[in-house]
């Protein structure tokens, strides 16, 4: 075989630089080789546009580098360095997909402002493990291939050989490729506006249809790629705003439900409530449910990373000894979904406390530093009714910017955080002695949830005596990805049928079942079994989001083979329930607890924004004419739930992806175009509310002026 000349090797090297680095981008856009993403349908125009965009950026990088590096050897080294950097970025963008399910964007980077104590090492080790177990090492193939070519070449000859290009050709090349890049950007925007014009999906849509390299270069230089939704929806004045939001407003005496055309109201009649609902006579105040919990204390408990499938899997459901008993004395929402976006836990709080959807591609709690939000909330309404409100969390006060957000956005009177626990004598290094008899200590970087539960009763009793009416917002810390610090440790004997077949992370998660059940019980019983239920109080539990465990592992846990879409459905389904304890006691098996005054099972789709409305109406909060958009949790009214990160929609008939409506569960279920547009428009209007700090107030003023 004829030995290739240095120039031939050089040209092959450059050709592979383009080819391999363009192919490598598909690790971020093709679900077949990256099961953690939720892509858009791939189209010929989109693929062609992405190839042109990626090529243009690579070409510009090469040309600019070659202006300063003249010899072939130096240019090959330059392209090797660039390739390694690009491969490394794609690897970490893939890891971001693993944890968040969507493409990385600069606004999403606010998530990394949070203190990483306790998360960083486990997350890092998971990412490195992914290199091997999921074959992510393949994203470094371009660098490895080019390095092999470089090492096998005659570097002495390459070092003495130059490849001359005239200045005119340089300029012509730069102008031509710049024009190509401009065309790609223009074509991307036209596709984006026609397919799914939402800022929360722009990163995924852009890496598919503009190209990975031009999208991230654009973000770095300050091009946000955001749409101005007010202009896009042609909302020209305040009257247009008022009309748009009034169409979705549920805080009115009469409105028509989109799903069935029936008429509903902001006062739920008992005859229109779910058939399983049972109401104790002590709560009844007429023929409707409005205000039946008025005057009671509210304990709103935020549960970290709890999926509903844990309460249903044959492997885990029976281990919830106390929780199963508690749910029989509660109104249980068995088809409940999260509404989170990139802010995950903080977004869960946002939705349930304000009834608003997060934007999805950024963390509003950190955006508050720039926009200074003014939002209606359950907290502010309760305070208007004379309540004292306090949030309690076992992490640092600056996690998710809570030290500013809680008092400034929601109006909490106090936020008791890790620093406060430590100041009052808690020693993180020593852990928490949660079982004195057996000398069992829980060690973690945060406050043990056992201590959180114990503290809640102690502090709650004191505050009720002091203020009369209180709202308490305790937030649990565990289980939290990557599911470390379980006091029971990692155990393979609990689920012997599957423990060796699922990943270490997944096993750690389902091992947490015992801890979760113990902690929930601890909110109502002390270590020695004394009743720690707060009198005249309503307990509302909700999980912020699911676990995000590996797809194949979930198939084993649930005992069936699931599509990617059904898997996402199960991972977005989280439990929620309302417990209204009375003064008498009941026994379920070995569990004795206070009898619930309000019980039932809501099997229709509900989500965190619906719980917001439910609390408002059950407590008869002073909302006046302020609009809200969810349905009542105890009604028979149908609605939808929306995940604001992946743009998945859950209804009682179908679960589907707005990114690709052909992807449904059950399969082959056709998504009604009218429903798609109805939900899309509401999501766009929801994003407008959060586009400016005072936008909600402005919209309310417009609605009050037009509709009174």
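The values are calculated or read from the model by the stated rules, or taken from the named source; none is laboratory data. Note that the coordinates shown come from a computational prediction; the quantities given were computed from them, not determined experimentally. Because the Cβ atoms are built from the backbone with ideal geometry, glycine has one as well, and the counts that use them run over all protein chains shown.
Please determine whether any residue of the stretch 338-354 is touching a strand residue (DSSP E or B) at 6+ places or on another chain (Cβ under 6 Å) and farther than 22 Å from residue 416 by Cβ.
Among the residues of the stretch 338-354, at least one is touching a strand residue (DSSP E or B) at 6+ places or on another chain (Cβ under 6 Å) and farther than 22 Å from residue 416 by Cβ, which makes the answer yes.
May I ask you to list the residues in the stretch 634-671 that are part of a loop (DSSP other than H, G, I, E, B), at pLDDT 95 or above and farther than 19 Å from residue 194 by Cβ?
Residues satisfying the conditions are 634, 636, 637, 638, 639, 640, 644, 651, 652, 653, 654, 666.
Scan the stretch 317-347 for residues that are over 25 Å from residue 472 (Cα atoms) and either surrounded by 23 or more Cβ atoms within 10 Å (Cβ to Cβ) or without any contact (Cβ under 8 Å) to a residue 24 or more places away in the chain (or both) and jot them down.
Residues of the stretch 317-347 that are over 25 Å from residue 472 (Cα atoms), as a first pass: 317-319, 321, 335, 342.
The answer is 317, 318, 342.
For residue 73, work out the one condition from (1) crowded, with 16+ Cβ neighbours inside 10 Å; (2) under 24 Å from the mean Cα position of the chain (by Cα); (3) part of a helix (DSSP H, G or I); (4) modelled with pLDDT under 90 it doesn't fulfil.
Going through the list (1) crowded, with 16+ Cβ neighbours inside 10 Å; (2) under 24 Å from the mean Cα position of the chain (by Cα); (3) part of a helix (DSSP H, G or I); (4) modelled with pLDDT under 90, residue 73 breaks only (2).
In the list 84, 55, which residue meets the criterion of being crowded, with 16+ Cβ neighbours inside 10 Å and closer than 20 Å to residue 183 by Cβ?
Of the residues listed, the single one that is crowded, with 16+ Cβ neighbours inside 10 Å and closer than 20 Å to residue 183 by Cβ is 55.
Just to check your reading of the model, which residue among 413, 403, 384 is over 28 Å from the mean Cα position of the chain (by Cα) and surrounded by fewer than 21 Cβ atoms within 10 Å (Cβ to Cβ)?
Values: 413 fails: over 28 Å from the mean Cα position of the chain (by Cα); 403 fails: over 28 Å from the mean Cα position of the chain (by Cα).
Just one listed residue meets the conditions, 384.
I'd like the full set of residues that are free of Cβ contacts under 8 Å to residues at least 60 places away in the same chain and closer than 30 Å to residue 95 by Cβ, limited to the stretch 520-561.
If the condition is that a residue be free of Cβ contacts under 8 Å to residues at least 60 places away in the same chain and closer than 30 Å to residue 95 by Cβ, then 549, 550, 552, 553, 555, 556, 560, 561 are the ones that fit.
Are there any pairs with C-beta distances below 6 angstrom linking a residue in the stretch 231-256 that is without any contact (Cβ under 8 Å) to a residue 12 or more places away in the chain to a residue that is in a loop (DSSP other than H, G, I, E, B), with the two at least 6 apart or on different chains, and if so which?
254/265
Please verify whether residue 245 is in a loop (DSSP other than H, G, I, E, B), at negative phi and under 29 Å from the mean Cα position of the chain (by Cα), treating the condition exactly as stated.
Numbers: in a loop (DSSP other than H, G, I, E, B): no; at negative phi: yes; under 29 Å from the mean Cα position of the chain (by Cα): yes.
Answer is no for this residue.
Listed residues 610, 583, 590; which is surrounded by 17 or more Cβ atoms within 10 Å (Cβ to Cβ) and in the same structural domain as residue 504 (by TED's automatic domain parsing)?
On the way: 583 fails: surrounded by 17 or more Cβ atoms within 10 Å (Cβ to Cβ); 590 fails: surrounded by 17 or more Cβ atoms within 10 Å (Cβ to Cβ).
Answer to the check: 610.
Before we move on, is residue 549 modelled with pLDDT of 95 or more, surrounded by 20 or more Cβ atoms within 10 Å (Cβ to Cβ) and not in a strand (DSSP E or B)?
Working: modelled with pLDDT of 95 or more: no; surrounded by 20 or more Cβ atoms within 10 Å (Cβ to Cβ): yes; not in a strand (DSSP E or B): yes.
Criteria not met by residue 549.
Which residue, of 365, 373, 357, is in contact with a helix residue (DSSP H, G or I) (Cβ under 8 Å, 6 or more places away or on another chain), in the same structural domain as residue 468 (by TED's automatic domain parsing) and in a helix (DSSP H, G or I)?
Result of the check over 365, 373, 357: 365.
So for the stretch 308-328 (the condition being part of a loop (DSSP other than H, G, I, E, B) and either more than 29 Å from the chain's Cα centre (by Cα) or under 30 Å from residue 363 (Cβ atoms) (or both)), does at least one residue qualify?
no
Being under 20 Å from residue 288 (Cα atoms), in contact with a strand residue (DSSP E or B) (Cβ under 7 Å, 6 or more places away or on another chain) and either buried (at least 21 other Cβ atoms within 10 Å of the Cβ) or assigned by TED's automatic domain parsing to the domain that holds residue 472 (or both), is that true of even one residue in the stretch 561-572?
no
The conditions are (1) within 27 Å of the chain's Cα centre (by Cα); (2) surrounded by 18 or more Cβ atoms within 10 Å (Cβ to Cβ), and residue 408 fails exactly one of them. Which is it?
Exception for residue 408: condition (2).
Which numbered condition in (1) exposed (fewer than 15 other Cβ atoms within 10 Å of the Cβ); (2) touching a strand residue (DSSP E or B) at 6+ places or on another chain (Cβ under 7 Å) is the only one that residue 658 fails?
The one condition residue 658 does not meet is (1).
What is the one condition in (1) farther than 30 Å from residue 296 by Cβ; (2) outside any loop (DSSP other than H, G, I, E, B) that residue 617 does not satisfy?
Failed condition: (1).
Looking at this structure, is residue 149 within 21 Å of residue 24 (Cβ to Cβ), at pLDDT below 75 and either assigned to a helix (DSSP H, G or I) or not assigned by TED's automatic domain parsing to the domain that holds residue 344 (or both)?
no
If residue 499 satisfies all but one of (1) touching a helix residue (DSSP H, G or I) at 6+ places or on another chain (Cβ under 6 Å); (2) in a helix (DSSP H, G or I); (3) over 25 Å from residue 424 (Cα atoms), what's the number of the condition it fails?
Of everything listed in (1) touching a helix residue (DSSP H, G or I) at 6+ places or on another chain (Cβ under 6 Å); (2) in a helix (DSSP H, G or I); (3) over 25 Å from residue 424 (Cα atoms), residue 499 misses just condition (2).
Between 586, 609, 565, which is at pLDDT below 95 and not in a loop (DSSP other than H, G, I, E, B)?
The conditions single out 565.
From 198, 158, which residue is touching a helix residue (DSSP H, G or I) at 6+ places or on another chain (Cβ under 9 Å), more than 30 Å from residue 690 (Cβ to Cβ) and surrounded by 15 or more Cβ atoms within 10 Å (Cβ to Cβ)?
158
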